[in-house]
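**Student:** First the structure, then my questions, so here it is.
The values are calculated or read from the model by the stated rules, or taken from the named source; none is laboratory data. Everything numeric in this text was worked out from a predicted model, so none of it was measured. Reconstructed Cβ throughout: ideal geometry from the backbone, glycine too, with neighbour counts over all protein chains shown. Just so you know, the surface numbers come from the protein's heavy atoms only, side chains and all, with ligands and any DNA or RNA stripped out. Shrake-Rupley method; radii C 1.70, N 1.55, O 1.52, S 1.80 Å.
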Amino acid sequence: MTIQQLSARTVKVHIHAEELRTLMISGSDPESMQILDLIGLMLTQAEAFSRIPFSVSTVSVEILTDSAGGLTAYFSLERQAETVPRTSTLHLSAAFPDKQTIRACCRRFSGDKHPILGSTAYQYKDCWILILKLMRSDAAQPYHLLLEYGRPFRLTPLNRARLSEYGKCLFRRNAVEHFASDV
């Protein structure tokens, strides 16, 4: 996988045909490898490489194939409308590999230094998903804490539907408090 930052808002990710075949073979269920899973992997890698916060913004994606069977994806942040008030809320989410990791992250949120308006937790596939509701102006530090312990999980309408249908809701409210106090 080759990653190149093209601008302050755009990253190019290229997967060669051989790598693409390896990803298809090494997946847990090669028959069901979805293009959305591949795009999610590429987006996560682009965010880690560039530090552009794709997972908390609106992103446009352009995917092209090359003559050798590889894929190139261009991820670009959409410009935020100037009319969005700074006092608006947003949802941040991350996926954690196990209960101990999500618990450690939630303990870092305990106390009032991170004003969380609401939190929800799901168990989905082989990970734990934590969703935080915050004021947009207070989101920077919680965002970095989520990335320190977990990996970005995009809350697209499709992913929300997947969580609702296939995930197990562990805590609909106050998930951070539940995990932080869990012994």
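**Student:** Hey, does region 86-105 have a residue that's over 30 Å from Phe179 (Cα atoms) and either at pLDDT below 90 or of a type outside the set (A, V, I, L, M, F, W, C) (or both)?
**Tutor:** Looking through region 86-105, none of the residues is over 30 Å from Phe179 (Cα atoms) and either at pLDDT below 90 or of a type outside the set (A, V, I, L, M, F, W, C) (or both).
**Student:** Continuing with this model, one more query. Right, Glu31: assigned to a helix (DSSP H, G or I), at pLDDT below 80 and among the acidic types (Asp, Glu) or not?
**Tutor:** Yes: the conditions hold for Glu31.
**Student:** Then there's this: With the checklist (1) part of a strand (DSSP E or B); (2) modelled with pLDDT under 85 in hand, flag the one item Leu20 doesn't pass.
**Tutor:** (1) is the only condition that Leu20 fails.
**Student:** Can Ser137 be described as in contact (Cβ under 8 Å) with a residue 12 or more places away in the chain, out of contact with any Gly (no Cβ under 8 Å at 6 or more places or on another chain) and of a type in the set (S, T, N, Q)?
**Tutor:** Taking the combined requirement at face value, the residue satisfies it.
**Student:** Quick one: count up the residues across region 34-72 that are open to solvent by 50 Å² or more (accessible area, probe 1.4 Å), at pLDDT 80 or above and not in a loop (DSSP other than H, G, I, E, B).
**Tutor:** Total meeting the criteria: 9.
**Student:** So, in region 159-183, exactly how many residues are part of a loop (DSSP other than H, G, I, E, B) and either touching a Gly at 6+ places or on another chain (Cβ under 9 Å) or in contact (Cβ under 8 Å) with a residue 60 or more places away in the chain (or both)?
**Tutor:** Going through region 159-183, the residues part of a loop (DSSP other than H, G, I, E, B) turn out to be 167, 172-174, 182-183.
Keeping just the survivors that are either touching a Gly at 6+ places or on another chain (Cβ under 9 Å) or in contact (Cβ under 8 Å) with a residue 60 or more places away in the chain (or both) gives 173-174, 182.
Number satisfying all stated conditions: 3.
**Student:** Moving to a separate point now. How many residues are assigned to a strand (DSSP E or B), open to solvent by 20 Å² or more (accessible area, probe 1.4 Å), out of contact with any Ser or Thr (no Cβ under 8 Å at 6 or more places or on another chain) and not polar (S, T, N, Q) if we restrict to region 112-158? Step through it out loud before you land on a result.
**Tutor:** Taking region 112-158 as the starting set, the residues that turn out to be assigned to a strand (DSSP E or B) are 116-124, 127-135, 151-152.
The next check asks that each one be open to solvent by 20 Å² or more (accessible area, probe 1.4 Å); those that pass are 116-118, 120, 122-124, 128, 133, 135, 151-152.
Still in the list and also out of contact with any Ser or Thr (no Cβ under 8 Å at 6 or more places or on another chain): 116, 118, 120, 122-124.
Those left that are additionally not polar (S, T, N, Q): 116, 118, 122, 124.
Count: 4.
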